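Report on one structure; see the data block that follows.
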Amino acid sequence: MHLFVTDREGREHRLDALEGWRVMEVIRDWGVPIKGECGGACACATCHVYVDDTWTDRLHPPTEEEKDRLDEAFAVENNSRLACQILVTPAISGLRVRLAPDME
């Protein structure tokens with residue numbers, strides 16, 4: 001399984017991923033700069049990503065908790081998600097996301 005992640009400089013990275021890991025963990029562990037300050041607890045919005053339009057309907061919808069955190073994020077778009085709330089499964093192998101602008 002793998003993910004495609006576009007960093008803030010516009011470079012795309014193909015990252016191998018393990019089932020059950022959070023997309024945020026995969027991105028972080030491969031050294032692509034994503035904060036994920038709360039460690040995946042949905043308590044911040046520092047892992048904000050934009051999901052490629054071809055994938056948005058293939059993911060589970062965001063929970064109310066995730067929507068509340070996204071309300072605190074910068075530059076939210078219709079395809080905004082928190083990478084900590086997306087679990088890697090075979091069904092999303094090939095998922096494409098782009099890192100949102102840094103909140104600082």
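Derivation of every value follows stated rules applied to the coordinates shown; laboratory data play no part. All figures in this text were calculated on a predicted structure; none of them were measured in a lab. We place every Cβ from the backbone using ideal geometry, glycine too, and count neighbours over all the protein chains shown.
A few comments on the model shown:
- Complete set of residues in segment 15-57 that are of a type in the set (Ser, Thr, Tyr) and closer than 19 Å to Leu70 by Cβ: Thr46, Tyr50, Thr56
- Taken over segment 9-36, the criterion of being more than 12 Å from Val88 (Cβ to Cβ) and under 13 Å from the mean Cα position of the chain (by Cα) is satisfied by Arg28, Val32, Pro33, Ile34, Lys35, Gly36.
- Among residues of segment 43-54, those that are outside any strand (DSSP E or B), crowded, with 17+ Cβ neighbours inside 10 Å and in contact (Cβ under 8 Å) with a residue 40 or more places away in the chain, counted: 2
- Total residues in segment 2-36, condition assigned to a loop (DSSP other than H, G, I, E, B), of a type in the set (Val, Ile, Thr) and touching a helix residue (DSSP H, G or I) at 6+ places or on another chain (Cβ under 8 Å): 1
- Residues satisfying the stated conditions in segment 1-25, i.e. hydrophobic (A, V, I, L, M, F, W, C) and either touching a Cys at 6+ places or on another chain (Cβ under 9 Å) or farther than 19 Å from Asp102 by Cβ (or both): Met1, Leu3, Phe4, Leu15, Ala17, Leu18, Trp21, Val23, Met24
- Of all residues making up segment 55-68, the number that are out of contact with any Leu (no Cβ under 6 Å at 6 or more places or on another chain), more than 17 Å from Phe4 (Cβ to Cβ) and outside any loop (DSSP other than H, G, I, E, B): 5
- If you check Arg69, Arg98, Arg81 for being touching a residue at least 60 places away in the same chain (Cβ under 8 Å), surrounded by 15 or more Cβ atoms within 10 Å (Cβ to Cβ), in contact with a strand residue (DSSP E or B) (Cβ under 8 Å, 6 or more places away or on another chain) and charged (D, E, K, R), only one passes: Arg98.
- Screening segment 73-88 for residues that are in a loop (DSSP other than H, G, I, E, B) and of a type in the set (A, V, I, L, M) and picking the one that is farthest from Thr54 (Cα to Cα) gives Ala73.
- As for segment 28-49, it holds at least one residue that is closer than 15 Å to Val97 by Cα, of a type in the set (Ser, Thr, Tyr) and out of contact with any strand residue (DSSP E or B) (no Cβ under 8 Å at 6 or more places or on another chain).
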